[in-house]
Amino acid sequence: MLAQAADPYVVELERFHGPLDLLLHLIRKQDLDIFDIPIAHITAQFLQAIRQVDRLELERAGEFLEMAAVLVRIKAQLLFPRRTEEDEDDPRADLVRRLLEYEHFREAARALERAEAERLRRRAKGYVPPRPAPPQAAQPLETEWAELWTAALRLAERLAEPEPLHQVTTRAVRIEEKIELVLQRLAEVARYEFGSLVSPWGTRIHAVVSLLACLELAKRSHLALEQQRPFTTLWIRRPLELDDAA
Amino acid sequence: MRPSRIVEALLHASHAPLSAAELARADASLDEEVVERALAELRAEYAREERAVEVVEIGGGYQLLTRPEFAPYLQRFDSVPQSARLSGPALETLAIIAYRQPVGRAEVEEIRGVGAGGVLKTLLERELVEVVGRSEGLGRPLLYGTTRRFLEHFGFRSLDELPRPDELPVVLARSGAEVTSHG
């Protein structure tokens, strides 16, 4: 997929609805006389445009190659000096007829497209869905930073401060440690709740530093954060590429 | 009950266009002529009151549709974008079927220069085209035509409303009863 997208010729070819569409494009773009197509010139351009045709699926590739064969045959026929003045003898005649016929329908299709666009501006009863279905699948994070922050703080508040057995000085919570912990968990499970990172300690500072660690890792694309709606469960999961590779 | 109110109730409650004959079936006091008058009355009333909906003649019937200028407000509720627009190949195939119906798959493929199997399947599934018969030609291939759903999708009253760009030649005229076989 990625290799294809990087190749301009394949992308170009994909854009066309078929060999006639491509041929018509070449002729019209250069303002050539469709009744007097310079076959050698057009054939060369057509072959150039489809040189990556093997990247297309088999059926589509066959369609383009068939047209290439037609063009080459016409080109060969034109080389014979047995041309008369009669139109019927022009080996291009059938191709021209097909091109014009296709072009007419392409225009008709565009007219339909305009009618469709106009029609879609009017809506019937039932257009607006009864109620928005909650998204089921994992979705990319669409939460504002501020909301995320608030959610983390609320979580920290909800966690009961454990009864201190004896007085200790607050130990500094280092972000590097949390980063390690986050990644360690992620190596074990593909997806887990943010809350589970914090609960063993249950203090605000752990929640905040854990969040900072997650944000830092998300920035470096080591993980992805998910939240369906503000103030709901925050999920940590492996980034998509890693998931696919696994 | 005034006929225009009965017609309004039916149009309001219906998802799809209703024909004058269908509307007339609602009550013994109605016939198609009365229904047509009621529809005209409703139209005038909605226009006068600058209502957001209007009675539109579409797909061989009548339907309450929002006026086009409200499209921007409705757009953000589009939860099924899939239902909206057709692809380029689908439109081309539909154009050929619409103008040439009844028409076989071979002719569609000949005109477009590409296979039509996948696109035809999609169009059949979406009920925009249907099988309308078989050709007399070799192998008696299936012939396709457009449906009422097709008219609704494009906002046409009938096939006579198909857009006809000036450059469309005579050969694209509807063939009507004539069934041609394609080799």
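Readers should treat all values here as calculations from the given coordinates under stated rules, not as data from a laboratory. Keep in mind that this is a model prediction, so the values were computed, not measured. With ideal geometry, Cβ positions are generated from the backbone for all residues, glycine too; neighbour counts draw on all protein chains shown.
What the table below lists for this structure:
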read-out: Counted charge near B:Asp31, where neighbours are those whose Cβ lies closer than 13 Å (Asp, Glu -1; Lys, Arg +1); value: -3
read-out: Of the chymotrypsin sites (Phe, Trp or Tyr not before Pro) in segment B:53-134, those whose Cβ has at most 12 other Cβ within 10 Å and which sit in DSSP loop; value: B:Phe77
read-out: Nitroxide proxy distance, nm - points 7 Å out along Cα→Cβ at A:Asp33 and A:Trp145; value: 6.6
read-out: Fewest-first sequence of A:Trp145, A:Trp235 by Cβ atoms within 10 Å of each Cβ; value: A:Trp145, A:Trp235
read-out: Sparsely packed chymotrypsin sites (Phe, Trp or Tyr not before Pro) within segment A:181-212, loop by DSSP, other Cβ within 10 Å at most 16; value: A:Trp201
read-out: Kirkwood Rh, angstrom, chain B [1 / mean 1/r, Cα pairs]; value: 18.7
read-out: Loop-located GluC sites (Glu not before Pro) in segment B:124-156, at most 14 other Cβ atoms within 10 Å (DSSP); value: B:Glu127, B:Glu136
read-out: Relative contact order (percent, whole number), chain B, Cα cutoff 8 Å, 6+ residue spacing; value: 20
read-out: Viscosity 0.692 mPa s, 37 °C: Kirkwood-radius Stokes-Einstein D of segment B:58-154 over Cα pairs, µm²/s; value: 219
read-out: Mean projected area (nm²) of the alpha-carbon convex hull when segment B:110-158 is viewed from all directions; value: 4.3
